[in-house]
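Step one of this worksheet: look at the structure below.
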Amino acid sequence: SEMVDAGAGRLAGFGMVPLQDPQAAASELTVLRDEFGLWGVEIGSNINGRPPGDPFLEPFFAEAERLGMPVFVHALHPSVTDRLVGPRAVQALVGFPTEIGLAAASVNTSGLLDRHPELRMAFSHGAGTLAAILPRLDHGWRINPAFKDFVLSPFHAARRCYYDSLVFDVALLHHLIDRFGGDRIMMGTDYPYTMSQAQPVEFIEKLGLEPERFEALAGGNAQRFLGIEQSG
């Protein structure tokens, strides 16, 4: 909050809430906004093993929607580490994109966005594996009666969310734009961690987009996610 105050309007801070108690977490959202001047909240990809799509968290998401506070989901404590082989760094290199993909898929398959159409959510690392499994999810939605009560198809639900650009590969970022929409990708850095994107603007420039689309990825989409009124 102090850093935001000192940022002269250039920073929009997010807070954290005690999601092991969803009712308390919901109450804290107003505190973050009104007492600390924060714009939204960041949560982990699992909360003591529960994915974001778990109905246990419903009170928190309902209040975030009511207050218009965006939710950023970041990979945390990968649940697949027992399946990984190699040095410890593999947890971040393989575990995190797998973990955030599972988190994003849980939001998609839980009907969370059906229930909360105004909720704004974003996922780190381009939502990891989500883009690869989305066609399979969409096919299942079309043929499996278990999904008959889902209003949004998995593709449409995915296009309701936002994703950062931290994927380290221009071809993959082009694919994410095609899969999720150019209005849904925001510039990501992962700063100050070791996997951070050192030159995020230059990375987006490599896409070769026309100026309007470049400006959207470089800042406009993030402003829309945050709920910041854009000038012009």
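The values are calculated or read from the model by the stated rules, or taken from the named source; none is laboratory data. This is a predicted model, so every value here is computed, not measured. Methodologically, a virtual Cβ is constructed for each residue, glycine included, from the backbone with ideal geometry; neighbour enumeration extends over all protein chains shown. We work out accessible area using only protein heavy atoms, side chains counted, and drop any ligands, DNA or RNA first. Shrake-Rupley method; radii C 1.70, N 1.55, O 1.52, S 1.80 Å.
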**Message:** Within 15 Å, Cβ to Cβ, of Pro52, how many net charges do the neighbouring residues add up to if Lys/Arg are +1 and Asp/Glu are -1?
**Reply:** -3
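Give me the extension gain from Asp169 to Asn48: residue separation times 0.36 nm, minus the current Cα-Cα distance, reported in nm with one decimal.
Values: separation 121, 0.36 × 121 = 43.56 nm, distance 3.16 nm.
In short, 40.4 nm is gained.
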**Request:** Have a look at Arg83, Arg120, Arg66 and tell me which one the Gaussian network model of the chain (Cα, springs below 10 Å) gives the largest fluctuation.
**Result:** Arg83
**Message:** Given a 1.4 angstrom probe, what's the average accessible area per residue across the range 85-229, in square angstrom?
**Reply:** 51 Å²
**Asked** Among Thr194, Thr98, Thr129, whose mean-square fluctuation peaks in a Gaussian network model of the chain (Cα, cutoff 10 Å)?
**Response** Thr194
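Hey, got the dipole for the range 1-154? About the Cα centre, +1 on K and R Cβ, -1 on D and E Cβ, debye to the nearest 20? Working shown, then result.
On the way: 11 positive and 17 negative charges, 134 e Å.
Rounded to the nearest 20 debye, it is 640 debye.
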**Prompt:** Which of Ala25, Phe168, Leu11 sits closest to the plus end of the dipole of the chain, meaning its Cα is farthest towards the positive end, when Lys and Arg get +1 and Asp and Glu get -1 on the C-beta?
**Reply:** Phe168
**Request:** Could you list the GluC sites (Glu not before Pro) in the range 154-232 that lie in coil according to DSSP, counting only those with at most 14 other Cβ atoms within 10 Å of their Cβ?
**Result:** Glu229
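Quick check: at a probe of 1.4 Å, how many percent of the accessible area of the chain sits on carbon and sulfur atoms? Numbers along the way, then the final one.
On the way: 6760 of 12340 Å².
Carbon and sulfur atoms account for 55 percent of the accessible area of the chain.
Would you calculate, for the chain, the mean residue ellipticity at 222 nm contributed by helices, counting each DSSP H stretch of 4 or more residues as -39,500 (n - 2.57) and dividing by all residues, to the nearest 500? Provide the component values of the computation, followed by the final result.
Values: 11 runs with 93 residues, N = 232.
Theoretical 222 nm ellipticity from helices: -11000 deg cm²/dmol.
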**Most fluctuating residue given options Asn108, Asn48, Asn221, as computed from a GNM of the chain linking Cα atoms under 10 Å** = Asn48
**Request:** Report, by chain and number, residues whose modeled amide H sits under 5 Å from the one on Phe123, excluding near sequence neighbours (fewer than 5 apart, same chain).
**Result:** Val73, Tyr162, Tyr163, Asp164
**Message:** For a Förster distance of 25 Å, can you work out the FRET efficiency between the beta-carbons of Asp82 and Glu35, rounded to the nearest 0.05?
**Reply:** 0.05
**Request:** Determine ³J(HN,Hα), in whole Hz, for all residues of the range 41-48 in sequence, where each value follows from phi through the Karplus function 6.51 cos²θ - 1.76 cosθ + 1.60 and θ = phi - 60°; x replaces Gly and Pro.
**Result:** 9, 10, 10, x, 6, 8, 10, 6
